[in-house]
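This report concerns only the one structure given below.
The values are calculated or read from the model by the stated rules, or taken from the named source; none is laboratory data. Model, not experiment: these values are computed from the prediction. So basically every Cβ, Gly included, is an ideal-geometry build from the backbone, and we count neighbours across all protein chains shown.
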Amino acid sequence: MAEYKLNTPLSDADIAQLKAGDVVFLSGTIYTARDAAHKKLVDLLDQGKELPFDLKGTAIYYVGPSPAPPGRPIGSAGPTTSYRMDSYAPRLYSLGLKATIGKGKRDAATRKAMEDHTCVYFGATGGAGALLSNSITAAKVIAFDELGPEAVRELTVKDFPLLVINDSHGGELYAVPDLKAAGIE
């Protein structure tokens, strides 16, 4: 396992060097979107309209943050379960999205899309939303305000702590070895 400090926008070279289990401290601009926002993003694409942000080289964090307390840009910002976005992720990867951030496993089609488009899935620590919010230095709603906490936000992050769960080479941190093949049943 290696440790990296990366900045957005992310390049293919940035992503290709990462392996499942690596630690990444991400800085720059990332965007938030959960399932309702993903549906709206894909609807815009289907209608031939522009998205509210450029996907190329960016990361989407699957989060619905709590309201910002006084003097803070954002409240608790812990990850949500990622599989709910699996029906949308491959299309967004094909359009230049380089990373997604959440918790839990991804389906086979999403993992294959990461390989096909040199993308990565980062895990953020579930249950540590207040701690993670310390790495968020600015936040503003940029689309779908009607979704409340699930609106699309532009976040500025500094050394946002992440773990590579799925890399662009087919590696998966959550992979369980085939016990039968290993002679263990």
Q) Restricting region 129-169 to residues that are modelled with pLDDT of 95 or more, in contact with a helix residue (DSSP H, G or I) (Cβ under 9 Å, 6 or more places away or on another chain) and not in a strand (DSSP E or B), which is nearest to VAL24 (Cα to Cα)? A) ASP167
Q.
What's the total number of residues in region 107-149 that are touching a residue at least 40 places away in the same chain (Cβ under 8 Å) and in contact with a strand residue (DSSP E or B) (Cβ under 6 Å, 6 or more places away or on another chain)?
A. 15
Q.
Restricting to region 56-100, and then to whatever is touching a helix residue (DSSP H, G or I) at 6+ places or on another chain (Cβ under 6 Å) and hydrophobic (A, V, I, L, M, F, W, C), can you tell me which residue is farthest from PRO149 (Cα to Cα)?
A. ALA89
(Q) Criterion first (in contact with a helix residue (DSSP H, G or I) (Cβ under 7 Å, 6 or more places away or on another chain), at pLDDT 95 or above, crowded, with 20+ Cβ neighbours inside 10 Å and aliphatic (A, V, I, L, M)) does ALA37 satisfy it? (A) yes
Q: Select, from GLY57, GLY104, the only residue that is free of Cβ contacts under 8 Å to residues at least 24 places away in the same chain and either surrounded by fewer than 20 Cβ atoms within 10 Å (Cβ to Cβ) or out of contact with any strand residue (DSSP E or B) (no Cβ under 7 Å at 6 or more places or on another chain) (or both).
A: GLY104
Q: Within region 127-167, count every residue that is under 19 Å from ASP22 (Cβ atoms) and under 14 Å from the mean Cα position of the chain (by Cα).
A: 10
Q | So LYS49, is it touching a residue at least 40 places away in the same chain (Cβ under 8 Å) and surrounded by fewer than 16 Cβ atoms within 10 Å (Cβ to Cβ) | A | no
(Q) Between ARG106, ARG91, ARG111, which is at pLDDT 95 or above, assigned to a loop (DSSP other than H, G, I, E, B) and charged (D, E, K, R)? (A) ARG106
